[in-house]
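The values are calculated or read from the model by the stated rules, or taken from the named source; none is laboratory data. The structure displayed is predicted, hence computed values, not measured ones. Cβ placement follows ideal geometry from the backbone for every residue including glycine, while neighbour counts extend to all protein chains displayed.
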Amino acid sequence: MADWVIVVDDDETNLKMAGHILSKAGMRVTAIKSGEALIKYLEEKDVPDMILLDIKMPGMDGFETLSRIKQIKRAKDVPVIFLTADEKEQTEADGLTAGAVDFIKKPFMPEILTIRVRHMIDLDRLQRNLAHEVEKKTKENERLFIQVVSALASAIDAKDTYTNGHSSRVAGYSREIARRFGYSGKQLEDVYMMGLLHDVGKIGIPDAVINKPSKLTDDEYDIIKSHPVMGARILGKIKEMPALQRGARWHHERYDGKGYPDGLSGEDIPEEARIIAVADAYDAMTSHRSYRKPLPQGVVREEIENGIGTQFDPEFARIMLAMIDEDVEYKMKEE
């Protein structure tokens with residue numbers, strides 16, 4: 001398909017000349033006589049590969065027209081070359097600052113016009129393809145990372161006979177709480193990742209302590225309580241995602257300051273950790289344990305409600321309560 005160029009100039013002669021030169025070079029050309037007409041065209045029809053835009057036009061000049069182009073979502077990335085008879089360096093500097101990719105002096109030299117336009121279209125296409133490949137590879141890497149993290153979370157859960165799938169459920173509940181709170185995009189994925197890895201420190205806790213069927217001694221409980229710090233230490237080594245350790249270190253803090261390991265309270269506890277704390281407690285109550293089955297939904301709801309402002313952040317606890325109330329068949333638990 002031929003490259004498509006829109007030429008915008010109030011001078012009929014310039015339009016015909018540019019159209020003749022570019023058409024002869026095998027390009028499709030659309031001629032438009034004003035900035036206002038261009039904006040209307042871009043808002044209603046397909047966008048071209050390139051726009052050649054005269055600077056000095058009656059009504060809307062080239063600078064204002066370019067500013068308006070940048071406000072049209074579907075057209076904001078179309079490369080724009082300014083057409084000008086102005087020899088001032090400041091005009092060129094102002095145009096490049098405004099977002100133009102190049103300048104072409106009038107009157108046109110056919111060979112220069114063709115080469116400049118072809119070069120900028122090819123360069124823009126190359127940049128777009130490169131950006132697409134980078135995005136594609138980034139998404140592939142993200143998927144691979146999530147798979148690795150999920151496998152690690154499963155390995156952590158496997159240490160405890162009674163926490164099968166715990167990390168993935170906590171991650172899912174955390175993401176839904178965060179979504180209802182207003183998170184989106186990468187924020188949601190980050191919370192999900194933190195939820196998957198919140199118990200990563202348990203990898204360093206002896207199996208005999210984790211799976212002890214009887215009551216833990218004080219020393220054994222202290223060992224269990226060391227897993228948030230251990231988890232933060234492990235995740236802290238991932239320098240590219242420094243926030244990843246928040247969920248691991250602070251998901252056992254309490255809103256009233258009586259949690260561990262640092263005794264943080266209220267909004268001093270990172271927001272993601274406050275979200276995960278609610279999700280973690282919910283899953284603990286709705287999962288199988290060596291000494292009991294999942295608690296009845298009414299009991300779970302009551303415990304969450306009683307923890308508002310003491311164990312849990314009030315806002316996130318209320319979102320959890322709303323999720324419980326919507327789950328009329330009590331499917332939100334370990335099967």
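So which residues in the range 1-37 are more than 11 Å from Asp49 (Cα to Cα) and basic (Lys, Arg)?
Residues satisfying the conditions are Lys16, Lys24, Lys33.
Is it the case that Lys202 is at pLDDT below 90 and within 28 Å of Phe316 (Cα to Cα)?
yes
Looking only at the range 270-289, decide whether some residue is among the basic types (Lys, Arg), surrounded by fewer than 18 Cβ atoms within 10 Å (Cβ to Cβ), within 23 Å of Lys159 (Cα to Cα) and in contact (Cβ under 8 Å) with a residue 60 or more places away in the chain.
Yes, there is a match, as at least one residue in the range 270-289 is among the basic types (Lys, Arg), surrounded by fewer than 18 Cβ atoms within 10 Å (Cβ to Cβ), within 23 Å of Lys159 (Cα to Cα) and in contact (Cβ under 8 Å) with a residue 60 or more places away in the chain.
Looking only at the range 292-299, decide whether some residue is within 20 Å of Arg175 (Cα to Cα) and not hydrophobic (A, V, I, L, M, F, W, C).
Checking the range 292-299: not a single residue is within 20 Å of Arg175 (Cα to Cα) and not hydrophobic (A, V, I, L, M, F, W, C).
Name the residue, out of Glu334, Glu329, that is in a loop (DSSP other than H, G, I, E, B), acidic (Asp, Glu), over 18 Å from His251 (Cα atoms) and in contact with a helix residue (DSSP H, G or I) (Cβ under 8 Å, 6 or more places away or on another chain).
Selected residue: Glu334, the only one of Glu334, Glu329 that is in a loop (DSSP other than H, G, I, E, B), acidic (Asp, Glu), over 18 Å from His251 (Cα atoms) and in contact with a helix residue (DSSP H, G or I) (Cβ under 8 Å, 6 or more places away or on another chain).
Take Ala100 and tell me if it is buried (at least 17 other Cβ atoms within 10 Å of the Cβ), at pLDDT below 80 and outside the structural domain of Met193 (by TED's automatic domain parsing).
No.
Yes or no: the range 190-203 includes at least one residue that is touching a residue at least 60 places away in the same chain (Cβ under 8 Å) and β-branched (Val, Ile, Thr).
Yes: the range 190-203 contains one or more residues that are touching a residue at least 60 places away in the same chain (Cβ under 8 Å) and β-branched (Val, Ile, Thr).
Mind listing just one residue for me: the one in the range 62-96 that is over 26 Å from the mean Cα position of the chain (by Cα) and among the basic types (Lys, Arg) and, of those, surrounded by the most Cβ atoms within 10 Å (Cβ to Cβ)?
Applying the filter and picking the extreme gives Arg68.
Glu111 - would you say it is surrounded by fewer than 11 Cβ atoms within 10 Å (Cβ to Cβ) and either under 16 Å from Leu52 (Cα atoms) or not assigned by TED's automatic domain parsing to the domain that holds Met194 (or both)?
Answer is yes for this residue.
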